[in-house]
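Reading through the structure tokens given below for one structure.
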Amino acid sequence: MNNENNISSGRCQCGDISFTFDKSKIISTHHCHCKDCQRATGSGKATILFIAKKYVDLKGKLKFYESKGSSGSHVRRGFCPNCGSGILSYAKEFSRIFYIKAGVLDDSSWIKVDSNFFTKSASDWSKPDKSIKCFEGNPSLLSGLKTIIKSLK
Ligand SMILES: [Zn+2]
Ligand SMILES: [Zn+2]
């Protein structure tokens with residue numbers, strides 16, 4: 001049974017898309033400074049929470065834009081077709097793991113960020129937080145994710 005206090009919620013700006021998930025199921029949290037995240041958010045970075053898809057209860061229908069990531073995987077970015085808010089993304093090749101955007105949560109005060117991705121493309125006006133682990137590019141999480149995915153089966 002889920003503990004009520006562990007449930008976190010989020011939504012897009014217009015409210016057509018909303019979701020809930022169990023905070024205790026978050027695998028890790030990261031700032032991504034890659035150019036695609038900068039374009040998708042219109043800011044210096046995206047802050048993303050890794051969680052298995054099965055723990056996310058999504059209401060509404062996201063529209064997806066697919067692009068090829070630097071590691072060769074296909075990243076599908078989900079957004080509200082009405083208001084355009086970016087909600088979550090996932091790699092097509094590892095579709096069991098969602099990357100939820102921290103900014104769309106109703107309350108994100110509890111989030112602790114573990115590391116920075118793609119610091120090499122971070123801008124001077126949005127510098128990576130050096131107090132946490134920094135990866136110049138993609139931290140090759142994919143092999144790690146495979147292990148995580150296996151453990152979820
Ligand atoms: Zn919306
Ligand atoms: Zn990124």
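Quick one: which residue in Ile7, Ile26 is under 12 Å from the mean Cα position of the chain (by Cα) and without any contact (Cβ under 8 Å) to a residue 60 or more places away in the chain?
Ile26
Please give the number of the condition Thr47 fails out of (1) surrounded by 14 or more Cβ atoms within 10 Å (Cβ to Cβ); (2) more than 16 Å from ligand 2 (Cβ to nearest atom); (3) of a type in the set (Val, Ile, Thr).
Unmet condition: (2).
Cβ-Cβ below 6 Å, separation at least six or inter-chain, first residue in region 33-45 and farther than 17 Å from Ile132 by Cβ, second more than 16 Å from ligand 1 (Cβ to nearest atom) and in a helix (DSSP H, G or I): which pairs?
Hits for this filter: Lys35/Ser121.
Could you list, in sequence order, all residues of region 50-68 that are buried (at least 16 other Cβ atoms within 10 Å of the Cβ) and away from ligand 1 (no atom under 15 Å from the Cβ)? Steps first, please.
The first filter runs over region 50-68 and keeps only residues buried (at least 16 other Cβ atoms within 10 Å of the Cβ), leaving 50-52, 55-56, 58, 60, 62.
Result: Phe50, Ile51, Ala52, Tyr55, Val56.
Of the residues Phe118, Phe79, which single one is crowded, with 20+ Cβ neighbours inside 10 Å, under 20 Å from Cys14 (Cβ atoms) and among the aromatic types (Phe, Trp, Tyr)?
Sole residue among the options that is crowded, with 20+ Cβ neighbours inside 10 Å, under 20 Å from Cys14 (Cβ atoms) and among the aromatic types (Phe, Trp, Tyr): Phe79.
All of the numbers you see were taken from the coordinates with simple rules; none came from a lab. Given the structure is predicted, the values throughout are model-derived calculations rather than measurements. Please note: Cβ atoms are built from the backbone with ideal geometry, for glycine as well, and neighbour counts cover all protein chains shown.
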